[in-house]
Amino acid sequence: MKKRFRAVIAAGPMGPGTRLAVILYIVVLVLIPLAAIVEKGLTGGVDGIWRAISTPMASKALFLTLWTAALMAVINAVMGTATAWVLVRHPFPGSRFLATIVDLPFAIPTLVAGIMLVTLFGPQTALGAWFGRHGLQIVFANPGIVLALLFITMPLVVRAVEPVLMELDPAEEEASFTLGAGSWTTFFRVVLPPILPAIASGTIQCFARAVAEFGSVVVVSGNIPFRTLTAPVYIFSEVEGDRPAVAAAVSIVLLLIAIGLLFSTRWLQGFVRRERV
Amino acid sequence: MAGTRRIGAWSRGTLFLFAAVVIYLAVLLLLPIAALVVQVAKTGLSSLFGQVFGGDALRALEMSLILAVIAAVVNGIFGVAAGIVFVRHKFMGRRVLDALSDMPLSVSPVMVGLAFLLIFGRGGWFTPILDLLHFKITFAFPGLVIATLFVTLPFTLREVSYVLLELGEEEEEAAAILGASPWQIFFRVTLPNIKNALAYGVTLTIARALGEFGAVLIIGGAISGKTQTGTTFINVAMEERRDAAAYGMALVLAVASVLLLLVLEALKKVEIKADEE
């Protein structure tokens, strides 16, 4: 009996025809293009990939992308958690406004984010000139890359940690204080353990987004080979220079990183869900 | 009670954390936006309107809007269909497809552009068929559409499947038992339940489509009046040192994204209200 009603739900617009269309759409739009990159990148075999990424320019670009992304991820993990904490536990007049602008980077085109940072920290601006006099170049240098990555990934840790923090019972923290624990002990022993998977998941998403970022970085970094040229910008220059095989070979490396990160966030989100249930 | 801490109390440590978060967000988010506004004001509002609302700039903006609408419609429908399929159907390869549909979030836009060049460009997989049909995808409108569809694929799907997962299917079963047809169940039960998530996902899709840069630059070539979008217009204008045009368009896109953000906020409020009822 129940089976027959279930069959009604799994029919028509929610039936096998829809399933086939969904599968086809994903295969055509995502799987085939990614397969094309893999095929092109493997024209020289695994050796070919190694040769492509071990040229000085490519290896410097990959290294730059990885360390700027890692530095940004650490800063975002700390500041994102702090932001979520302030928003959830300490509502104040204006916290709604704060919560809204945290989402801004989701809506602003990353190219525009890059332009904003140049108009703020560029060498001709007051702030940029001031930093320049103190020996710190921000735009067209590596600090600019980290700033741009921080901007575009800002909401990810906050939005990952916020819901878990909301469901934490403040009574546990009260109990910890009552038993004589200090703020630091309470934070590390009571608050941090349950939100750790969420922080890790948000941080990895930041890192993944940063490794792929193009629009904002291409504007702020100045794209100086060996110094401020990141891996995605390197791939772009190889495509423009009509060397698709090299571009695809380097792309495979970024693709492998992306897939690895995707599966680790999915694994972590499993923990987050268990924590929330 | 002296000496007892209360949760939510403003201790010195909390105040410090609060100040750090507010300063961080102000420097990273608000100052750059203010800098862009000041920059445009310096070049003069009249030149903004002259530069952006005339000729090729307006055409580029129009192109971005068309692409955003197409992405919203196609990936809106896909998101609902795929959400139902991934949450309600059990079939082989479901998890792989689910993971694939998340790939656009961490694949670099330059790789998207490269992938579609490899498939549809000179010497590409499908190029012989396209030539036969006299159909051009690269450096033409269809290429822009495909690239935009790729980068905006996951947004509606994620929002919709999250809600479907929380809802379960009791309501649909009840409708089936009461004799509703599959189409009636879909339009009277399922769709009303997910309409908020759908609206949220579609808004994110539009924001992402308006902001896409790397992929449409590579696949479209930013040909003025033909394949130029809002973001690629900025890029060309900067290369040609037409600063007023570049900053003007950047401001227009920034304002558009702030408006979209307000829509997202409004949708969140509706959601909270619905939860409380």
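The values are calculated or read from the model by the stated rules, or taken from the named source; none is laboratory data. Because the structure is a prediction, the values reported are computed rather than measured. Please note: Cβ atoms are built from the backbone with ideal geometry, for glycine as well, and neighbour counts cover all protein chains shown. These accessible areas exclude ligands, DNA and RNA; they are computed on the full protein's heavy atoms, side chains included. Shrake-Rupley method; radii C 1.70, N 1.55, O 1.52, S 1.80 Å.
Of all residues assigned to segment B:113-121, at least one qualifies as being open to solvent by less than 20 Å² (accessible area, probe 1.4 Å), within 25 Å of A:ILE259 (Cα to Cα) and either without any contact (Cβ under 8 Å) to a residue 40 or more places away in the chain or touching a strand residue (DSSP E or B) at 6+ places or on another chain (Cβ under 8 Å) (or both). Can we say A:ARG227 is of a type outside the set (Asp, Glu), assigned to a helix (DSSP H, G or I), open to solvent by 30 Å² or more (accessible area, probe 1.4 Å) and over 27 Å from B:ILE219 (Cβ atoms)? The answer is no for A:ARG227.
Does A:VAL217 satisfy being under 30 Å from B:ASN235 (Cβ atoms), within 9 Å of chain B (Cβ to nearest Cβ), touching a residue at least 60 places away in the same chain (Cβ under 8 Å) and not acidic (Asp, Glu)? No. Taking the listed residues B:VAL69, B:VAL87, the one that is surrounded by fewer than 17 Cβ atoms within 10 Å (Cβ to Cβ), among the β-branched types (Val, Ile, Thr) and more than 9 Å from every other protein chain (Cβ to nearest Cβ) is B:VAL69, with no other qualifying. In this structure, A:THR125 qualifies as surrounded by fewer than 24 Cβ atoms within 10 Å (Cβ to Cβ) and at the interface with chain B (Cβ under 10 Å from one of its Cβ atoms). Among the residues of segment A:129-149, those identified as within 23 Å of A:PRO109 (Cα to Cα) and either in contact with a strand residue (DSSP E or B) (Cβ under 9 Å, 6 or more places away or on another chain) or open to solvent by 10 Å² or more (accessible area, probe 1.4 Å) (or both) are A:ILE138, A:PHE140, A:ALA141, A:ASN142, A:PRO143, A:VAL146, A:LEU147.
Residues that are farther than 27 Å from B:VAL236 by Cβ number at least 1 in the following helices (runs of 4 or more DSSP H) confined to segment A:96-158: A:126-133.
All of (1) of a type in the set (A, V, I, L, M, F, W, C); (2) buried (at least 24 other Cβ atoms within 10 Å of the Cβ); (3) touching a residue at least 40 places away in the same chain (Cβ under 8 Å) hold for A:PHE236 with one exception: (3). Scanning segment B:115-131 for residues that are more than 26 Å from the chain's Cα centre (by Cα) and either part of a helix (DSSP H, G or I) or more than 18 Å from A:LEU34 (Cβ to Cβ) (or both) gives B:ARG122, B:GLY123, B:THR127, B:PRO128, B:ILE129, B:LEU130, B:ASP131. On the basis of being open to solvent by less than 50 Å² (accessible area, probe 1.4 Å), outside the structural domain of A:LEU256 (by TED's automatic domain parsing) and either outside any loop (DSSP other than H, G, I, E, B) or of a type in the set (Gly, Ala, Ser) (or both), does A:THR18 make the cut? In short, yes. Looking across segment A:5-45, just one residue is polar (S, T, N, Q) and more than 20 Å from A:ILE235 (Cβ to Cβ), and that is A:THR18.
Residue count for segment B:146-204 under the criterion of being free of Cβ contacts under 8 Å to residues at least 12 places away in the same chain and in a loop (DSSP other than H, G, I, E, B): the result is 5.
Residue count for segment B:235-252 under the criterion of being open to solvent by 10 Å² or more (accessible area, probe 1.4 Å) and in contact with a Ser or Thr (Cβ under 9 Å, 6 or more places away or on another chain): the result is 4. If you filter segment B:138-155 down to residues that are open to solvent by less than 30 Å² (accessible area, probe 1.4 Å) and of a type in the set (A, V, I, L, M), you find that the one that is farthest from the other protein chains (Cβ to nearest Cβ) is B:ALA140.
So that you can scan it fast, the table gives a plain yes or no per residue for (1) within 7 Å of chain A (Cβ to nearest Cβ); (2) surrounded by 12 or more Cβ atoms within 10 Å (Cβ to Cβ); (3) closer than 30 Å to A:VAL190 by Cβ; (4) at pLDDT below 90:
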| position | (1), (2), (3), (4) |
| --- | --- |
| B:GLY3 | no, no, yes, yes |
| B:THR14 | yes, yes, yes, yes |
| B:ALA20 | yes, yes, yes, no |
| B:ILE33 | yes, yes, no, no |
| B:VAL52 | no, yes, no, yes |
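Within segment A:89-106, not a single residue is closer than 27 Å to B:LEU260 by Cβ, in the same structural domain as A:SER183 (by TED's automatic domain parsing) and surrounded by 24 or more Cβ atoms within 10 Å (Cβ to Cβ). What number of residues in segment B:156-175 are facing chain A (nearest Cβ under 10 Å) and buried (at least 24 other Cβ atoms within 10 Å of the Cβ)? So the count comes out to 2. Within segment A:95-113, if we keep just the residues that are farther than 21 Å from B:PHE155 by Cβ and at the interface with chain B (Cβ under 9 Å from one of its Cβ atoms), the residue that is modelled with the highest pLDDT turns out to be A:LEU98.
On inspection, B:LEU45 does not qualify as of a type outside the set (Gly, Ala, Ser), in contact with a Pro (Cβ under 7 Å, 6 or more places away or on another chain) and over 28 Å from A:THR81 (Cα atoms).
When segment B:239-263 is filtered for residues that are without any contact (Cβ under 8 Å) to a residue 40 or more places away in the chain, over 18 Å from B:THR205 (Cβ atoms) and at the interface with chain A (Cβ under 8 Å from one of its Cβ atoms), only B:ALA246 remains. All conditions in (1) modelled with pLDDT of 90 or more; (2) within 21 Å of A:PHE271 (Cα to Cα) hold for A:VAL190, with the sole exception of (1).
Scanning segment A:13-39 for residues that are of a type in the set (Val, Ile, Thr), at the interface with chain B (Cβ under 7 Å from one of its Cβ atoms) and over 25 Å from the mean Cα position of the chain (by Cα) yields A:THR18, A:VAL22, A:ILE23. When segment B:200-234 is limited to residues that are within 24 Å of B:ALA254 (Cβ to Cβ) and surrounded by fewer than 19 Cβ atoms within 10 Å (Cβ to Cβ), the one that is nearest to the other protein chains (Cβ to nearest Cβ) turns out to be B:SER224.
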